[in-house]
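Have a look at the structure below, then the notes.
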Amino acid sequence: MLNKIILVDDNAATNFIHKKFLEKAKGSREVVSFQMGQNAIDYLSDCDNTIPELLFVDINMPTMDAWEFLEHFKTIERPEKDKAKIILLTTSLSPQDEIKITERTEVENVMTKPLDVASIQGVLKRYFPLLSR
């Protein structure tokens, strides 16, 4: 079980569903969700908050999409952030997004949403094998 997972998706219902599936999968002790990328960046920048091991970030969001989020995330001056795994979420992947993903080394994977218990367990097993035993 991870200590913290962050969800960033402008759709509150999607965050709610993903949070429930994460709880059911026993994915994390704490799940923090944000509907705006800037709020997540502010949270991550605050040294009083621990950096999560895993972030799920929706690609297409108003005001700050995943690409802008990643640019801001890179500027956070907390060395432990480099250990965080970032997985982008989408309902459909555009050709432009496919190109951008190949240019982003900080992105571990892209998954189709909605997530479910099995896909979450797959992420945990793949990226955190020692914790998912």
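Rolling a 1.4 Å probe over the protein heavy atoms leaves residue 100 with an accessible area of roughly 80 Å². When Rg and the Kirkwood Rh are both derived from Cα coordinates, the Rg/Rh ratio for the chain amounts to 0.92. For residue 50, the accessible area of its heavy atoms, probed at 1.4 Å with every protein chain present, is near 80 square angstrom.
Between 61, 40, 117, the Cα set farthest toward the positive side of the dipole of the chain (charges on each charged residue's Cβ, about the Cα centre) is that of 117.
Taking R0 as 25 Å, what's the FRET efficiency between residue 98 and residue 65 from their Cβ-Cβ distance, rounded to 0.05? It comes out at approximately 0.95. Using only side-chain charges placed at the Cβ, +1 for Lys and Arg and -1 for Asp and Glu, the dipole size of the chain relative to its Cα centre rounds to 780 debye.
Counting only DSSP H runs of at least 4 residues, each contributing -39500 (n - 2.57), and dividing by the residue count of the chain, the helix-based mean residue ellipticity at 222 nm comes to -11500 deg cm²/dmol. Ligands, DNA and RNA left out, the accessible area of the chain computed with a 1.4 Å probe is 51% carbon and sulfur. Near the amide H of residue 3, within less than 5 Å, lie the amide hydrogens of 29, 53, all on another chain or at least 5 residues away, with H placed in the peptide plane. Given a Förster distance of 22 angstrom, what is the FRET efficiency for residue 118 paired with residue 20, based on the Cβ-Cβ distance and rounded to 0.05? In this case the efficiency is close to 0.95. Solvent-accessible surface of segment 25-133, taken per residue with a 1.4 Å probe and all protein chains present: 56 Å².
The values are calculated or read from the model by the stated rules, or taken from the named source; none is laboratory data. On a predicted model such as this, the values are computed, not experimentally measured, just so you know. Positions of Cβ are generated from backbone atoms using ideal geometry, with glycine treated the same way; all protein chains shown enter the neighbour counts. We work out accessible area using only protein heavy atoms, side chains counted, and drop any ligands, DNA or RNA first. Shrake-Rupley method; radii C 1.70, N 1.55, O 1.52, S 1.80 Å.
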